[in-house]
1. Using modelled backbone amide H atoms (1.01 Å from N, in-plane), which distant-in-sequence or interchain residues come within less than 5 Å of HIS44's amide H?
2. Can you give me the distance in nm between label points at HIS61 and ASP193, each placed 7 Å from the Cα along the Cα-to-Cβ direction?
3. Mind checking region 97-189 for trypsin sites (Lys or Arg not before Pro) that DSSP puts in a loop (not H, G, I, E or B) and that have at most 12 other Cβ atoms within 10 Å?
4. Within a Cβ distance under 15 Å of GLN77, other residues only, what is the Lys/Arg minus Asp/Glu net charge?
5. Kindly write out, for region 110-119 in residue order, the coupling ³J(HN,Hα) from the Karplus curve 6.51 cos²θ - 1.76 cosθ + 1.60 (θ = phi - 60°), rounded to whole Hz, with x marking Gly and Pro.
6. Tell me, what % of the accessible area of region 96-186 is carbon and sulfur with a 1.4 angstrom probe?
7. Tell me, what is the FRET efficiency for LEU213 and HIS94 to the nearest 0.05, using R0 = 45 angstrom and their Cβ-Cβ distance as r?
8. HIS97: net charge of surrounding residues, Cβ under 12 Å, Lys/Arg +1, Asp/Glu -1, itself excluded?
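The values are calculated or read from the model by the stated rules, or taken from the named source; none is laboratory data. Predicted, not measured: the structure shown is a model, and the values here were computed from it. Note that we place each Cβ from the backbone using ideal geometry, even for glycine, and neighbour counts take in every protein chain shown. We work out accessible area using only protein heavy atoms, side chains counted, and drop any ligands, DNA or RNA first. Shrake-Rupley method; radii C 1.70, N 1.55, O 1.52, S 1.80 Å.
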Amino acid sequence: MGSVHVNIILTVLLIFLVWQGIKYHQSLLRKICQHSHFQMKQLHITLLYESLCPDSRNFMHQLGPVHEELQQYMDIQLVPFGKSRSEQSGAIFHCQHGPAECEGNRVQSCVISSTANQSAQVKFVVCQMFALDSSRADQCASEAGLRTDVDHCADSESGTKLQLQAELVTKLYQPSFIPTIVYNGVFNQQLQDHSLRDFRGTVCHLLRQQNLLPSGSPVCQ
């Protein structure tokens, strides 16, 4: 076989491989786009708060009813840690409002982690935040429809690990004020300020902006 024929065959083979590569990447891009579209069917909200923080407690007056109304459009992550800090790999925690807050943060982490049901998580947290301490944790968990061994988790290494995880998430945003509300993983001071004044209005604004409400939906009107 002459060198000309070999070059022709190699050229055809190269064109075929390039064409296959283009088809593969087009298919991969379509899948990524479809996946991204699926993921963005809800507004992602990260709430950084503390168990005994008065400002966090005040925000719960908004969180409860707004989540109950708009929960199908929201994917919420509750992070009870705030301005706390750990030492010695979690052997010691220092909290803004003292040891009782450390206990409260820990208890809330334990109960939140016991279920993937965000409605139950929010109901528990709102209930617990209006208690004077963590003594109502079992009652609040029961009212939220949860069955969990709160004391066992809070008194074990599991509670420590959950608070260390909460610390890692909190440090990603370096909050200067608690509570801090983060939308779609990006902190925005203007959205933060609006959320503290009008959480529902802010959520509705973002739902409209991101086309997450069905056409003609009466929600947010």
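1. Result for HIS44 returns ASP75, ASN184.
2. If labels sit at HIS61 and ASP193, their model points lie 2.1 nm apart.
3. On the way: sites: ARG106, LYS123, ARG136, ARG147, LYS161, LYS171; in loops: ARG147.
Hits after loop and neighbour filter: ARG147.
4. On the way: positive: LYS171; negative: ASP75, GLU167.
Computed value for this residue: -1.
5. 4, 5, 4, 6, 7, 8, 9, 6, 5, 4
6. Values: 2280 of 4440 Å².
Ligands and nucleic acids excluded, carbon and sulfur reach 51 percent.
7. Working: r = 43 Å, r/R0 = 0.95.
The formula returns an efficiency of 0.60 here.
8. Values: positive: ARG57, LYS83; negative: GLU50, ASP55, GLU101, GLU103, ASP133.
Summing Lys/Arg as +1 and Asp/Glu as -1 gives -3.
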